[in-house]
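The values are calculated or read from the model by the stated rules, or taken from the named source; none is laboratory data. Bear in mind the structure is a predicted one, so any value in this text is a computation, not a measurement. Reconstructed Cβ throughout: ideal geometry from the backbone, glycine too, with neighbour counts over all protein chains shown. The accessibility values were calculated without ligands, DNA or RNA, using every heavy atom of the protein model including side chains. Shrake-Rupley method; radii C 1.70, N 1.55, O 1.52, S 1.80 Å.
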Amino acid sequence: VAGGVFTLFLRDMNFSVSAAVGFIALSGIVVLNSLVLVTHIQDLKKYKDNFKEAIEAGAISRLRPVCMTALVASLGFLPMAFNEGAGAEVQRPLATVVIGGLFTSTILTMLIVPCLLSLLKVSQDSQETQ
């Protein structure tokens, strides 16, 4: 959300209904990317002795698919973001939100999700020992 709001601010655009639709589309792509990463890490956990190794290996091996998903979506919305023709006032905010949000969410997905998984594992381990 922060990336979408920031790009709307950078392009001097107001929040509108089409921007809200862009946030909905953005959230779907972000959840998909996070799910791809978490599922792969859960699969690797079965074969790795150390959960931290599974997180590192999963994050490294899913970097390309997550980046490709974000890149394809961003490139698909790029013509809409710079459209000047009919309907541009509806298309530009939607595309701007998605492109800006995907940029920041891809970085955050690859950094924050593995950290959260590691923290959850540490909290689960501490609860199991009690």
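For the chain, the fraction of 1.4 Å probe accessible surface lying on carbon and sulfur atoms is 68 percent.
Note on the chain: helix-only mean residue ellipticity at 222 nm, from DSSP H runs of 4+ residues weighted -39500 (n - 2.57) and normalised by residue number, equals -29500 deg cm²/dmol.
Calculated accessible area for the chain comes out at 63 Å² per residue, all protein chains present (probe 1.4 Å; ligands, DNA, RNA ignored).
Relative to the dominant Cα principal axis of the chain, helix 63-81 is inclined by about 10°. Model label points for residue 82 and residue 16, set 7 angstrom from Cα along the Cα-to-Cβ axis, are 2.0 nm apart.
Between helix 17-45 and the chain there is an angle of about 20 degrees, using the helix long axis and the longest principal axis of the Cα atoms. For the range 1-82, the set of trypsin sites (Lys or Arg not before Pro) satisfying both a DSSP loop assignment and a count of at most 16 other C-beta atoms within 10 Å is given as 11, 46, 48. Taking 0.36 nm per residue of separation and subtracting the Cα-Cα distance, full extension of the segment from residue 5 to residue 63 would add 18.4 nm. The angle between the Cα long axis of helix 51-61 and the main principal axis of the chain comes to about 40°, on a 0 to 90 degree scale. Round to the nearest 0.05 the FRET efficiency obtained for residue 72 and residue 50 when R0 = 30 Å and r is the Cβ-Cβ distance. Calculated transfer efficiency: 0.35.
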